[in-house]
Amino acid sequence: MNVKSFVSIRDFVPSELESLLTLGRQIKARPDLYARALQGKTLAMIFEKPSLRTRVTFDVGVQQLGGFSLYLSPAEINLGKRESVYDVAKNLERMVQGIMIRTFAHEIVEEMAQYASIPVINGLTDFSHPCQAMADYMTMWEIKGGLEGLKIAFVGDGNNVAHSLMFAGALLGAEVRVATPRNYEPRADAIRWAQQRASETGGSCWVTNDVKAAVCGVDVVYTDVWASMGQEDQAAERREVFRGWQVNFELFRRAKRDAIFMHCLPAHRGEEVTNDVMDSPRSVVFQQAENRLHVQKAIMLELMKDVPVGRMHPVTMPELVHA
Ligand code: CP
Ligand code: NVA
């Protein structure tokens, strides 16, 4: 791979995403073959927001590869307040072989990757959730047997999950339709990027305020919460705005007969999705969650395999500098 870190899907070319997905599937099929692949290496996991899946899958994933993990809670690091992103990066690169970070501003992950000499993995920002998109496309690939031309409708808020789904879909040749209420569309630069790249891969990306049109004849119906982490104060207002955007059976039946339902989770049952859709035989949400583990093992392996443990950093000798 040409990149050191996993910050955004936009940093990759289609063949790199495809080989990560292939490696994810190989690891899933034969985890025993990779049990020592990251022996002795440590992943520091910085969390500034809550998590179930990201925390557990990175934690278990690195251990299944023979490595260790270190959970750093929001209170512990207090990024940018107790200590600058630069200083955290410069400390951690001397102690661990990789950093996973879940935070608010996307720029924090970009800065961390810029300053740290070790790989940095984006575990969700307000802007994107690239590891989620990788697990999502791995799941679609498993079930649908391919990704090119696959029709995916993302229904709800044009949020971090929507952005990464658009980016990866564009690179992998899928047709991604995003249906949101007015003023909740994905970011304009994200739409432009996805449309540009999709035009090169045979995929497409379009955004609409017509949810029924978006879901019509698709292979995949995908939704996410209406208020993301950090938007808790807007939850009541959003419940009103998104009222007509629930994925229930009336909407889901507009998709293909063999369409699947996807959700990154956590789900707010009864809001963005009804129980009958979430628990139906067409729902693959828990397979999706499991695939976080396998595909992130592929990402960690690819990025961290060549980072040595106990690497020597230059010893600073200030008196010599000034001699
Ligand atoms: N889908 C996902 O990232 O879940 P968590 O917020 O529980 O990590
Ligand atoms: N959009 C959601 C995704 C959670 C995995 C959030 O950011 O809270």
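All of the numbers you see were taken from the coordinates with simple rules; none came from a lab. All values derive from a computational prediction rather than experimental measurement. Positions of Cβ are generated from backbone atoms using ideal geometry, with glycine treated the same way; all protein chains shown enter the neighbour counts.
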| Shape of region 1-159 from its Cα gyration tensor (a ≥ b ≥ c, root eigenvalues): rounded if a/c is under 1.5, otherwise prolate when a/b > b/c, or oblate? | oblate
| request: Starting from 0 in steps of 10 Å, tell me what percent of the Cα-Cα pairs of region 144-203 lands in each bin. | output: 26, 56, 18, 1
| field | Estimated distance in nm for a label pair at Q39 and Q287, the labels positioned 7 Å out from Cα along Cα-to-Cβ | value | 3.5
| said: Can you sort R311, R182 from fewest to most other Cβ atoms within 10 Å of each residue's own Cβ? | reply: R182, R311
| message | Net charge around M312, counting only other residues with Cβ within less than 15 Å of its Cβ (Lys, Arg = +1; Asp, Glu = -1)? | response | +1
| task | Enter the angle in degrees (range 0 to 90, nearest 10) between the Cα long axis of helix 285-304 and the first principal axis of the Cα atoms of the chain, meaning the one along which they spread out most. | result | 30
| task | For helix 188-201, report the angle its Cα long axis makes with the longest principal axis of the Cα atoms of the chain; keep it between 0 and 90° and round to the nearest 10°. | result | 80
| message | Given axes a ≥ b ≥ c from the Cα gyration tensor, I'd like to know whether region 180-263 is rounded (a/c under 1.5), prolate (a/b larger than b/c) or oblate. | response | oblate
| query | In sequence order, what are the phi-derived ³J(HN,Hα) couplings for region 70-77 according to the Karplus relation 6.51 cos²θ - 1.76 cosθ + 1.60 with θ = phi - 60°, rounded to whole Hz, with x for glycine and proline? | reply | 9, 8, 10, 7, x, 5, 6, 9
| query | For region 88-129, what are the per-bin percents of Cα-Cα distances with bins 5 Å wide, up to the bin holding the maximum? | reply | 6, 28, 34, 20, 11, 2
| remark: Between the Cα axis of helix 130-144 and the main Cα principal axis of the chain, the angle (0 to 90°, nearest 10) is 50
| remark: Computed over the Cα atoms of region 129-252, the Rg and Dmax in Å are 13.8, 41
| request: Translational diffusion coefficient, Stokes-Einstein: compute it for region 208-323 using the Kirkwood radius over C-alpha pairs as Rh, at 10 °C and 1.306 mPa s, and state it as an integer in µm² s⁻¹. | output: 89
| query | Over the Cα atoms of region 233-275, what Rg and Dmax result, in angstrom? | reply | 11.8, 38
| query | What's the center-to-center distance, using Cα atoms, between region 155-195 and region 270-317 in Å? | reply | 21
| request: Give the distance, in whole Å, between the Cα centre of region 68-111 and the Cα centre of region 202-241. | output: 31
| message | Ignoring everything except DSSP H segments at least 4 long, calculate the 222 nm mean residue ellipticity for the chain; use -39,500 (n - 2.57) per segment, divide by total residues, nearest 500. | response | -12000 deg cm²/dmol
| field | Per-residue Cβ neighbour rank within 10 angstrom, fewest leading, M278, M134, M317 | value | M317, M278, M134
| query | Ordered by residue, what ³J(HN,Hα) values in Hz, to whole numbers, does region 58-68 give under the Karplus form 6.51 cos²θ - 1.76 cosθ + 1.60, where θ = phi - 60° and Gly and Pro are x? | reply | 5, 4, 5, x, 5, 5, 5, 9, x, x, 10
| request: For the chain, just the Cα set please: Rg and Dmax, both in angstrom. | output: 20.1, 78
